[in-house]
Structures are given as C-alpha cells and as structure tokens.
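Asker: The structure's right below; bear with me while I get my questions together.
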Amino acid sequence: MRAATGTLGQVVDSLDFDAMAAAGIDDPRTRAGLIEYLVGLGFTIDEMAQAEGHGRLFGLAGDALLWSGPQVYTLRTAADSIGVALAEVEHGWAMLGLTVADPDTPALSQADVDGLATWVAMRTDLGNDAADGFLRVLGANVARLAEAISSMIRAARPNMWLGHTGDELTTAQAYRAAAEFIPRIGAMIDAVHRHHIVSSRTFIEGVVRGPSASVVCGVGFADLSGFTALTQTLTPAELSAMLTEFGATVSDVVHADGGRVVKLLGDAVMWVSSNPERLAQAALDLVDHPRAREVGLQVRAGLGYGEILAINGDYFGNAVNLAARLVGAAAPGQILAAAEVYEQLPQWPAVVQEPLQLKGFDAPVIAYELGRAGG
C-alpha cells in the first residue's frame, strides 16, 4: 500500500487511522476504502483533513483537478505581486464574476495572478475601457461554459451525486473520472479560441472601413416560432435535444454561408454576415433547413444591414435593433428584411409589406419578405 504523508511530513507505512482522526477526519476506519483511494492518489493527511473540514472528503480527488494550482495568494498579496492597488485587483476579480470572502483569504493560484497581471498590462496598452470590457466578456462566457460542462456531466454521470450512490468511494471515483476532462477541456478551449481569433480577424478585415470599432455588415436574428408552447409539451430531455439540434443547425448554416454566430439565446440566434447576399442566404437556409422541418420546427428571421458598432464581442446600432424587431414581426417561415438589405439584393424575389409599427421606431418601417433567389 502507498504511504501517506502526515502533518509533520513523516511517512506512515500503513493507514494511520489514529493520526487521521486526530487531524479531524471523522471515523476514518469506517471510511477506509475512500481514504485508501485518496492515499493511492498521493493526497496527504493535511489535504484530507482540510477537505473534511469543508465536508468534501469524498470530493477531494475531483476538486484537486478543478484548480489551476495551489491557492497561495490572497487578493492583497496578488496586488502586491502585480504592483497595483488592492482595489484594482478586487475590481478585476469582481468583473470576472468571482468572489472571495475577504482580501486576506488565500484563494488565488499563480496562474490566477498571472491572468490578472495580463489584464493590468492590457489596461496599460489598450486602455481601461477596452480591457475591462474584455474581462467582463471573459467572465460571462466562461461562466456559461462552466454551466454547459456542469449540465453535460450531471446528465451523464449520476454516480457523482452522493445522494444517488450513498457511497463516498463510488462518488469519489466517478467525480475524479469526470474531473479528469477539465485540464483537457482547458487545452481544447485554448486551441479553439486561437482558431476563432483568426476567423474573427478575417471577417473584420472584410467589413471595416478603418481603425475604428464600426463595421459595415449584415445582421440577422432567427428564432423558433411557437417555442413557448413547445416547452409545455416536451419533456426536459426532448427540449434539450431540440435546442441542441437547433444550435447545431444554426452553426452549420451560418458558418457555411460565411457568417459568424454572435450569440445563441435559447430558441433564438443572432449572426453577422459580410454582405447582404450571404446574410439572406443564411436566413433562407435556416428557414428551409430539413432538420428543422423533420421535428416540426418553424423558423422565422429578421435582417438588417448598415454601419454598426462591434464592441465586447457584440454588435450595436440601428441595423441590429431593426433586425431584432423584424424577427418578432415575422410569421412562421417568413424572412423580413429591412429596406437597406432589399436595396442590395436587386435580383432576389421580394414582396413589400404593409408599413410596420415597431417598438423603438417612431415612423412606420417598410420591410420586404424575401424569397429564394432563382426560385
């Protein structure tokens, strides 16, 4: 059996239950299977006692893989290490959506401090507003990734729940197996992020007019008609499968037509395209997509075009607002395009609609129902 290291660094040739009990581990003999498993992974009595103090001895094997390193820095010592005021580090940590009990509680690893130092350098080189906006986007989107990972694992690994297994060792082993994906997912995120940086650069180079945050491009919104009614008839599993299928369809279609997905909002999507033709083609392919029809979904879309502001991973401006209102006014299976889109597509079949009174627009809006080019 692998030796366990005690609180004073001594090597224990066998499981020293008395030392473990003295360290604060409750009833170690009865939990010998769990403790032997943890010792086999190399955990010390100190580490096990600390986990027991938080009521998570069964979670120690998995929890250890979630952190980016030993939590040896407080917010105060992190600030000292970076060379900035404590208030600045507290501000940055909060913008990431993270909390610490107080500035003197060890909660940050060296990797955390390095990340905050990168943000401080970005503030110096790129400006406070831009760097702070990025940090908020990072926090919000990584939080969403964490939720996606958590929901995926919850559904696939019921043995991770102690209330389900009633056995600490079984839960510890299941949790460890799931947590082993976390470092690999981190590497995956880095690789995918680099590809998206290149893709974003390529897209932006085709729509910018100069060194500014403004771009000239098409923007589209699409959603599932009757989604609210569907949620009342589908089981959670069926609803999950439907939303997953919709998201996959959106990504496939928009990317195939040269666009970029800005965000998925449950049953809705926002995307941008470099020109009106690609924008309209993506909308038509979404509305007519066979997978949507197979499951009885009806998609509708609203399209705008013009100069818009690209900032913090999102897009803002009149064309965005108009496209968002047009999708709400569209009938199931219908694509409503703003006049600015229609004017750029002289060869596309379109039917002018009665003037629309849209929220946020003082004057009635003229929109066009698009058909398929050549159809």
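The values are calculated or read from the model by the stated rules, or taken from the named source; none is laboratory data. Everything numeric here is computed off the predicted structure, so don't read it as measured data. Cβ sites come from the backbone with ideal geometry, for glycine too, and all protein chains shown count toward neighbours. SASA here: full protein model, heavy atoms, side chains in, ligands and nucleic acids out. Shrake-Rupley method; radii C 1.70, N 1.55, O 1.52, S 1.80 Å.
Asker: Looking at the structure I just gave you, is A331 among the small types (G, A, S) and either surrounded by 13 or more Cβ atoms within 10 Å (Cβ to Cβ) or more than 34 Å from the chain's Cα centre (by Cα) (or both)?
Answerer: Details: among the small types (G, A, S): yes; either surrounded by 13 or more Cβ atoms within 10 Å (Cβ to Cβ) or more than 34 Å from the chain's Cα centre (by Cα) (or both): no.
So A331 fails the test.
Asker: Given D125, D104, which one is acidic (D, E), exposed (fewer than 14 other Cβ atoms within 10 Å of the Cβ) and assigned to a helix (DSSP H, G or I)? Please lay out each step first, then the result.
Answerer: Numbers: D104 fails: assigned to a helix (DSSP H, G or I).
None of the others qualify; the one that does is D125.
Asker: Identify, from the list L98, L138, the residue that is of a type outside the set (V, I, T), over 22 Å from A51 (Cβ atoms) and modelled with pLDDT of 95 or more. Working first, answer last.
Answerer: Working: L98 fails: over 22 Å from A51 (Cβ atoms).
Every option except L138 fails the conditions.
Asker: Any residue at all in the range 263-272 that is open to solvent by 40 Å² or more (accessible area, probe 1.4 Å), among the aromatic types (F, W, Y) and under 27 Å from A140 (Cα atoms)?
Answerer: no
Asker: Can I ask one more? Determine if the range 208-218 includes at least one residue that is open to solvent by 50 Å² or more (accessible area, probe 1.4 Å), at positive phi and over 25 Å from the mean Cα position of the chain (by Cα).
Answerer: Checked the range 208-218: no residue is open to solvent by 50 Å² or more (accessible area, probe 1.4 Å), at positive phi and over 25 Å from the mean Cα position of the chain (by Cα).
Asker: Follow-up question, since we're still on this one. Which numbered condition trips up T228, out of (1) of a type in the set (V, I, T); (2) farther than 30 Å from L41 by Cβ; (3) surrounded by 13 or more Cβ atoms within 10 Å (Cβ to Cβ); (4) free of Cβ contacts under 8 Å to residues at least 24 places away in the same chain?
Answerer: Result: T228 fails condition (3) only.
Asker: Which pairs do you get when a residue that is free of Cβ contacts under 8 Å to residues at least 24 places away in the same chain, found in the range 17-41, comes within reach of a residue that is open to solvent by 70 Å² or more (accessible area, probe 1.4 Å), reach meaning Cβ atoms under 6 angstrom, with the pair 6+ apart or on two chains?
Answerer: As it stands, the answer is F17/R29, since those pairs meet every condition given.
Asker: Residues in the range 222-245: is at least one charged (D, E, K, R), out of contact with any Leu (no Cβ under 8 Å at 6 or more places or on another chain) and closer than 19 Å to A310 by Cα?
Answerer: For the range 222-245, residues charged (D, E, K, R), out of contact with any Leu (no Cβ under 8 Å at 6 or more places or on another chain) and closer than 19 Å to A310 by Cα: absent.
Asker: Quick one: in the range 273-301, which of the residues that are part of a strand (DSSP E or B) and touching an Asp or Glu at 6+ places or on another chain (Cβ under 9 Å) is most open to solvent (accessible area, probe 1.4 Å)? Lay out the reasoning, then the answer.
Answerer: In the first step, residues of the range 273-301 are kept if they are part of a strand (DSSP E or B); the result is 273, 298-301.
Adding the requirement that they be touching an Asp or Glu at 6+ places or on another chain (Cβ under 9 Å) leaves 273, 299-301.
On the way: S273: 1, V299: 5, R300: 51, A301: 1 Å².
My answer is R300.
Residue by residue, here is whether (1) open to solvent by 40 Å² or more (accessible area, probe 1.4 Å); (2) touching a helix residue (DSSP H, G or I) at 6+ places or on another chain (Cβ under 7 Å); (3) closer than 27 Å to M95 by Cβ; (4) in a helix (DSSP H, G or I) holds:
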position	(1), (2), (3), (4)
A111	yes, no, yes, yes
L116	no, yes, yes, yes
W119	no, yes, yes, yes
D129	yes, no, yes, yes
V137	yes, no, yes, yes
R154	yes, no, no, yes
T170	yes, yes, no, yes
A174	no, yes, no, yes
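Asker: Restricted to the range 6-27, and to residues that are modelled with pLDDT under 95, open to solvent by less than 40 Å² (accessible area, probe 1.4 Å) and part of a loop (DSSP other than H, G, I, E, B), which residue is nearest to T171 (Cα to Cα)?
Answerer: L15
Asker: Something else now. Which residue is farthest from the chain's Cα centre (by Cα), if the candidates are limited to the range 72-101 and must be closer than 30 Å to L162 by Cβ and either open to solvent by less than 30 Å² (accessible area, probe 1.4 Å) or free of Cβ contacts under 8 Å to residues at least 40 places away in the same chain (or both)?
Answerer: Residues of the range 72-101 closer than 30 Å to L162 by Cβ: 72, 96-101.
Now drop any that are not either open to solvent by less than 30 Å² (accessible area, probe 1.4 Å) or free of Cβ contacts under 8 Å to residues at least 40 places away in the same chain (or both), which leaves 72, 99-101.
Numbers: V72: 27, T99: 19, V100: 22, A101: 25 Å.
Among those residues, the one meeting the criterion is V72.
Asker: Being under 30 Å from E277 (Cα atoms), in contact (Cβ under 8 Å) with a residue 24 or more places away in the chain and hydroxyl-bearing (S, T, Y) is the filter here, so list the residues in the range 171-216 that pass it.
Answerer: Once the filter is applied, which keeps residues that are under 30 Å from E277 (Cα atoms), in contact (Cβ under 8 Å) with a residue 24 or more places away in the chain and hydroxyl-bearing (S, T, Y), the range 171-216 yields S199, S200, S214.
Asker: Within the range 38-71, which residues are within 22 Å of D16 (Cβ to Cβ), in a helix (DSSP H, G or I) and open to solvent by 50 Å² or more (accessible area, probe 1.4 Å)?
Answerer: Of everything in the range 38-71, those that are within 22 Å of D16 (Cβ to Cβ), in a helix (DSSP H, G or I) and open to solvent by 50 Å² or more (accessible area, probe 1.4 Å) turn out to be D46, E47, Q50, G53.
Asker: Just to be sure I understand the filter: pairs with C-beta atoms under 8 Å, separated by 6 or more residues or on different chains, first member in the range 312-328 and touching a residue at least 12 places away in the same chain (Cβ under 8 Å) and over 14 Å from Q357 (Cβ atoms), second member in a helix (DSSP H, G or I) and open to solvent by 10 Å² or more (accessible area, probe 1.4 Å). Which pairs pass?
Answerer: N312/F134; N312/R136; N312/V137; G313/V137; G313/N141; A319/E340
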